[in-house]
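Participant: I'd like to ask you about the structure that follows.
The values are calculated or read from the model by the stated rules, or taken from the named source; none is laboratory data. Every value quoted in this text rests on a predicted model; they were computed, and no experiment measured them. Here the Cβ positions follow ideal geometry from the backbone for every residue, glycine too, while neighbour counts run over all protein chains shown.
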Amino acid sequence: MLTHSTILGYPRIGPRRELKRALEAYWDGRLSRDELDRVGADLRADTWRRLAALGLCALPANTFSEYDHVLDTAVLLDAVPERYRAAADPYFAMARGADGLPPLRMTKWFDTNYHYLVPEIGAGTPLRLAGDKPMREVREARALGYATRPVVVGPVTFLLLAEPAPGGPPPLSRLDDALDAYADLLAALAAEGVEWVQLDEPALVTGAGVAEARRAYERLGALTDRPKLLVASYFGELGDALPALAATGIEAIGLDLVRGGPVDPAALGGKTLVAGVVSGRDVWRTDLDAALYELSRHPDVVVSTSCSLLHVPYDLDVETDLDPALRERLAFADQKVAEVVALADLLARGSTGTAPARSPAAAPPTSTSDTRAPYPERAASQAVHLGLPELPVTTIGSFPQTGELRAARAALAAGTLDEPGYERLIEAEIERVVRLQERLGIDVLVHGEPERNDMVQYFAEHLDGFAITRHGWVQSYGSRCTRPPIIHSDVRRPAPITVRWTRYAQSLTERPVKGMLTGPVTIVAWSFVRRDIALREVVAQVAEAVRAEVHDLAAEGTSIIQVDEPALRELLPLRRERQDEYLRWAVAAYRHATSSAGDHTQIHTHLCYSNASEVIAAIDGLDADVTTIESARSSGRILGQLDGFGRGLGPGVYDIHSPRVPGAAEVGDLLDAVLEVVPAERVWVNPDCGLKTRTYPQVEAALANLVTAARERRTD
Ligand code: MET
Ligand SMILES: [Zn+2]
């Protein structure tokens, strides 16, 4: 039997974000390849030592990644598109782009805030064992005295997450080729002396790939030259995929019992249950009694986390500033590992726990007032009010976050800079950003969001019911991390939040300055959420706070208010049959939040990262006057879906995730593609997203090209 306690994965960016710093130094040429490798090796070693010290029996390996574990899998299987092969470093070229070469598309990892790179698999893309990263990590651990279980993305999930090469067949049609490669991988791991391997198949919880999973694991399970197989699912229940897996020759199945609920022991078909009873998706302590109750029903069980701990911060112990009463309720990665270990001990000693209390009843439907006039009426009064040119150019909100700004925030926190001094710096930055936009010829300005460290955290800091951590970083993509706030009690807005900065920016210019807010769904999606009331209830509370802010901005005379909902798709239930209900209440919350503005106030919304196609009807339902949406990196793929969209639209024409500056001709080509599907009078010209991660030289050059491309195409 697999030993009694394990976890499906662990954070890898480093407790003090060591990997982030090393990667960024390497990309800047300040760190050598050897030095970067050493930082990675140290982090891996520290992880294994830490997990062993916490008492965990079965340690995972290959949970480390220099950028993304899906990209690692693509490289392991040689699924590298031809165009990247000549790059100096194909791995980082796929991740971040290289000279003249855009990176792979990036999108959300299921309903988390982690982003993976989407593999591109055509009919001729190689699928063969080409790398040795899992074997190397196993060896590395062994040299430190640890036997480990390597974790690799499973074949069905890998192919379901991939996209076809242009004009190519669906990647899943290449399953047999992929299985040949996985068979070779299993043989190589067996040769390495590995006892167990974990193949992650979270895609199965969406209901997709059931027949393919059965075929895959019948085949891999029947191999003789292989380690024992744990197929791990997470983020929901397996549904029909459970009997499919139970009928194959694999040895263990990982189930997310937090999201998926209890499971009938007989459904496991005699396999070992790797029981995900400690949540990897939130920061709350586990109800050990309820977990024991579930664990003790199963004859052959390993205590585990519901998913990788990648999605939670490392260690609560360093959060010395948190309210002690709140801390009592919290657990981060290391505390969760300790819970897994404690549960395994209790179980071994025969504890059986008690049946859990029932989860909170669903909240009654909230009735929302949407008092805005129909779009054509609003649009007419806004056109008069704003007097904008055709193809107006705007940005998404943030401008580069300079070192000075970060230093000022640090000084304010440390008490070496006082509040008035800080505010003067912010005002100076706003003035600089306003002048820059005027000089570039941008039509609708922003204040640049210099006062915001993060678009969610900033609001969390100004609303009641949220707590902020000091070191609670969670990887978002590559070297980028976010620090999700914790919603622990009822949300309220004690005072206006953004009004003064918008007022200041508007006082500097004749051109309209957008008020910039984060939407209720996004604030909740990018926070850790309390579990004692229904999610929709939490969203409704935040919507009420945003509504008050919209009202106050409009009362100030702000003519355009942008309420961003980049995370609209993130809370989308993974199973199709539950999605409509979510979209109904999420859209209602947004409309409630924005309908406190009058008809002549133009409401903008912004979405990015997401596979917007899945929620296009809901985006339409938000009823915003203008929607800006990420599009540049996916070569305008979204455009095909936008022809029925009846209001203002700004598909991004500048990919801000890459340091590359697109030329005016390149921007113009993207804009022409937009103009083919959207009538010119409704088209906006803007980047894919905010500019905070870029530098001023990049932004100035790129925005100048946006203005040029827009002006060349104006007819008025
Ligand atoms: C992830 S969406 C970001 C929107 C925000 N207004 C910004 O520009 O930074
Ligand atoms: Zn965005």
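Participant: Considering segment 688-712 alone, what residues qualify as being more than 16 Å from ligand 1 (Cβ to nearest atom) and crowded, with 24+ Cβ neighbours inside 10 Å?
Facilitator: Correct list: 709, 710.
Residues checked against (1) among the β-branched types (Val, Ile, Thr); (2) over 16 Å from residue 527 (Cα atoms); (3) over 29 Å from the mean Cα position of the chain (by Cα):
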residue: 426; (1), (2), (3): yes, yes, no
residue: 438; (1), (2), (3): no, yes, yes
residue: 461; (1), (2), (3): no, no, no
residue: 467; (1), (2), (3): no, no, no
residue: 488; (1), (2), (3): no, no, no
residue: 492; (1), (2), (3): no, no, no
residue: 496; (1), (2), (3): no, yes, no
residue: 500; (1), (2), (3): no, yes, yes
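Participant: In addition: Counting just the residues of segment 184-229 that are out of contact with any Ser or Thr (no Cβ under 8 Å at 6 or more places or on another chain) and assigned to a strand (DSSP E or B), which one comes out surrounded by the fewest Cβ atoms within 10 Å (Cβ to Cβ)?
Facilitator: 228
Participant: For segment 570-623, name all the residues that are away from ligand 1 (no atom under 16 Å from the Cβ), modelled with pLDDT of 90 or more and of a type in the set (A, V, I, L, M).
Facilitator: 572, 574, 583, 586, 587, 588, 589, 597
Participant: Six or more apart or on different chains, Cβ atoms under 8 Å: show the pairs whose first residue is in segment 447-476 and closer than 22 Å to residue 310 by Cα and assigned by TED's automatic domain parsing to the domain that holds residue 433 and whose second is within 16 Å of ligand 2 (Cβ to nearest atom) and hydrophobic (A, V, I, L, M, F, W, C).
Facilitator: 456/523; 456/526
Participant: Please find, within segment 624-657, the residue that is surrounded by the most Cβ atoms within 10 Å (Cβ to Cβ) out of those that are among the hydrophobic types (A, V, I, L, M, F, W, C) and within 16 Å of ligand 1 (Cβ to nearest atom). Lay out the reasoning, then the answer.
Facilitator: As a first pass, look at segment 624-657 and keep what is among the hydrophobic types (A, V, I, L, M, F, W, C): 624, 626, 629, 632, 638-639, 642, 645, 649, 653, 656.
Within this subset, residues satisfying the condition of being within 16 Å of ligand 1 (Cβ to nearest atom) are 624, 626, 629, 632, 638, 653, 656.
On the way: 624: 26, 626: 25, 629: 24, 632: 23, 638: 22, 653: 29, 656: 25.
Step by step, filter segment 624-657, then rank; the result is 653.
Participant: Does residue 563 meet the test of being more than 18 Å from residue 464 (Cβ to Cβ) and either not assigned by TED's automatic domain parsing to the domain that holds residue 689 or not polar (S, T, N, Q) (or both)?
Facilitator: yes
Participant: Kindly indicate whether residue 381 is farther than 18 Å from residue 485 by Cα, among the hydroxyl-bearing types (Ser, Thr, Tyr) and at pLDDT below 90.
Facilitator: Spelling it out, it is not the case that residue 381 is farther than 18 Å from residue 485 by Cα, among the hydroxyl-bearing types (Ser, Thr, Tyr) and at pLDDT below 90.
Participant: Also, I was wondering about something else. Keeping to segment 384-423, report how many residues are of a type in the set (Asp, Glu), under 30 Å from residue 605 (Cβ atoms) and at pLDDT below 95.
Facilitator: 0
Participant: Looking at 194, 156, which is the one that is of a type in the set (Val, Ile, Thr), in the same structural domain as residue 143 (by TED's automatic domain parsing) and over 22 Å from residue 246 (Cα atoms)?
Facilitator: Matching residue, one of 194, 156: 194.
Participant: Also, quick follow-up: Only residues that are of a type outside the set (Ser, Thr, Tyr) and assigned to a loop (DSSP other than H, G, I, E, B): list them for segment 415-450, please.
Facilitator: The answer is 415, 417, 418, 441, 442, 443, 446, 447, 449, 450.
Participant: How about segment 320-330: which of its residues are touching a Phe, Trp or Tyr at 6+ places or on another chain (Cβ under 8 Å) and closer than 15 Å to residue 470 by Cα? Walk me through how you get there before you give the answer.
Facilitator: Just the residues of segment 320-330 that are touching a Phe, Trp or Tyr at 6+ places or on another chain (Cβ under 8 Å), to begin with: 329-330.
330, the sole residue that qualifies.
Participant: Scan the strands (runs of 3 or more DSSP E) fully inside segment 528-636 and keep the ones with 2 or more residues being more than 16 Å from ligand 2 (Cβ to nearest atom) and more than 22 Å from the chain's Cα centre (by Cα).
Facilitator: Values: elements: 560-564, 602-607, 626-629.
Filter on segment 528-636 gives 560-564, 602-607.
Participant: How many residues does segment 105-146 contain that are under 30 Å from residue 227 (Cβ atoms), within 28 Å of the chain's Cα centre (by Cα) and assigned to a loop (DSSP other than H, G, I, E, B)?
Facilitator: The total comes to 10.
Participant: Which members of segment 1-44 meet the condition of being within 15 Å of residue 66 (Cα to Cα) and among the hydrophobic types (A, V, I, L, M, F, W, C)?
Facilitator: Across segment 1-44, the qualifying residues are 13, 19, 22, 23, 25, 27, 31, 36, 39, 41, 43.
Participant: Still on this structure, please answer the following. For segment 1-57, what are the residues that are among the small types (Gly, Ala, Ser) and either in a loop (DSSP other than H, G, I, E, B) or farther than 17 Å from residue 133 by Cα (or both)? Before the answer, list the steps.
Facilitator: Residues of segment 1-57 that are among the small types (Gly, Ala, Ser), as a first pass: 5, 9, 14, 22, 25, 29, 32, 40-41, 45, 52-53, 55.
Those that are among the small types (Gly, Ala, Ser) and either in a loop (DSSP other than H, G, I, E, B) or farther than 17 Å from residue 133 by Cα (or both): 5, 9, 14, 22, 25, 29, 32, 52, 53, 55.
Participant: Among the numbered conditions (1) in contact (Cβ under 8 Å) with a residue 60 or more places away in the chain; (2) over 26 Å from residue 314 (Cβ atoms), tell me where residue 287 comes up short.
Facilitator: (2)
Participant: Would you please name the residue that is nearest to ligand 2 (Cβ to nearest atom), looking only at residues in segment 451-467 that are touching a strand residue (DSSP E or B) at 6+ places or on another chain (Cβ under 7 Å) and part of a helix (DSSP H, G or I)?
Facilitator: 459
Participant: Right, something else. Is it the case, given these coordinates, that residue 261 is surrounded by fewer than 20 Cβ atoms within 10 Å (Cβ to Cβ) and either free of Cβ contacts under 8 Å to residues at least 40 places away in the same chain or not assigned by TED's automatic domain parsing to the domain that holds residue 188 (or both)?
Facilitator: In short, yes.
Participant: Another question, then. What about residue 276, is it on the phi > 0 side of the Ramachandran plot and not β-branched (Val, Ile, Thr)?
Facilitator: Working: on the phi > 0 side of the Ramachandran plot: no; not β-branched (Val, Ile, Thr): yes.
Against the criterion (on the phi > 0 side of the Ramachandran plot and not β-branched (Val, Ile, Thr)), residue 276 does not qualify.
Participant: Considering only segment 457-466, I want to know if a residue exists there that is touching a His at 6+ places or on another chain (Cβ under 9 Å) and not polar (S, T, N, Q).
Facilitator: yes
Participant: If you don't mind, there's one more thing I want to ask. How many of the residues making up segment 631-676 are in contact (Cβ under 8 Å) with a residue 60 or more places away in the chain and charged (D, E, K, R)?
Facilitator: 4
Participant: Run residue 665 past the list (1) surrounded by fewer than 18 Cβ atoms within 10 Å (Cβ to Cβ); (2) within 16 Å of ligand 1 (Cβ to nearest atom); (3) of a type outside the set (D, E, K, R) and report the number of the one that doesn't hold.
Facilitator: Failed condition: (2).
Participant: Could you list, in sequence order, the residues of segment 385-411 that are within 24 Å of the chain's Cα centre (by Cα) and on the phi > 0 side of the Ramachandran plot?
Facilitator: 397
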